Amino acid sequence: MVALAFWALTVGGCNEPASPTAGAGAARAAVEPCGGEPLDPFVAFEVGGGEATSRSFSGQVVEIGAPDPFAGTRYRVREATGKEHVLVCRMPGRALPLVTGRTYDFALDYVGGTPSASGLVVTDQDGLLFAGASDQGVGDHVLGAGVPGFALRLLPITCPSRGQGECYDAVFNRGLEVTSGDRKATLYQGDAARVAGHDVRCLIAQQVTYSSRCADYALHAVSYTITRAP
């Protein structure tokens, strides 16, 4: 499941907000868990890939474009056969930890929709370098095989609703539990923690009770990034 499209085009659901109050941006201090608003979701796709595809490949990063907070950053990757992939990735305040000239293994999932689902895992000779996903649940549409070395799950609701809107009757913050070996952290929206040598950010972790007043309306339930610490 990997959709790919030119950054200048609108990809189905790619720019859907995490909530009507999304866009909190890249930097914000951890807040009271039940009141934190979602950040912008992680987005990754390949140019020209389609609305629902999934692929894995190894290649050398030959070009990294200028960061763009709206369109995302473009990464041109060349396989040993000469075949090239152009990946587009966007996340709040960050870029993929890739270096031009180095070779990596990529596993990319994308499912178009409203909102779209994205998943990306990047590994090298030292193991997991980066993982990120946005979905309706952990592993629901993307990264069904999980993140190497990590287990993630959304915890049961313990928070009251943050409120309601035209298209939803309630929205509840949830904890995102991240485990690697004997290391574990529970993160809420906007939180970050170091787990087993990786920096984990929880961008979105919520559950929505939808209203019948709006058709085809949905929000991301989970979005996160995991980056190997320097």
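Mind listing whichever residues of the stretch 49-71 are closer than 16 Å to LEU108 by Cα and touching a strand residue (DSSP E or B) at 6+ places or on another chain (Cβ under 7 Å)? Lay out the reasoning, then the answer.
Keep residues of the stretch 49-71 that are closer than 16 Å to LEU108 by Cα, which gives 49-61.
Within the stretch 49-71, GLY49, GLY50, ALA52, THR53, SER54, ARG55, SER56, PHE57, SER58, GLY59, GLN60, VAL61 qualify.
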What pairs come out if I take residues in the stretch 42-59 that are farther than 21 Å from THR227 by Cβ and pair them with residues that are of a type in the set (A, V, I, L, M, F, W, C) and surrounded by fewer than 18 Cβ atoms within 10 Å (Cβ to Cβ) whose C-beta lies under 8 Å away, six or more apart or interchain?
VAL47/PHE6; GLY48/PHE6
Select from the stretch 73-105 the residues that are at pLDDT 95 or above, among the aliphatic types (A, V, I, L, M) and out of contact with any Leu (no Cβ under 9 Å at 6 or more places or on another chain) and list them in ascending order.
ALA80, VAL99
Among the residues of the stretch 180-208, write down those that are more than 17 Å from GLU32 (Cα to Cα) and not polar (S, T, N, Q).
GLY181, ASP182, ARG183, LYS184, ARG194, VAL195, ALA196, GLY197, HIS198, ASP199, VAL200, VAL208
Unmet requirement for GLN164, which otherwise passes all of (1) crowded, with 16+ Cβ neighbours inside 10 Å; (2) modelled with pLDDT under 95
(1)
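The values are calculated or read from the model by the stated rules, or taken from the named source; none is laboratory data. Since the model is a prediction, treat every value here as computed from it, not as a measurement. Cβ coordinates were reconstructed from backbone atoms using ideal geometry, including for glycine residues, and neighbour counts include every protein chain displayed.
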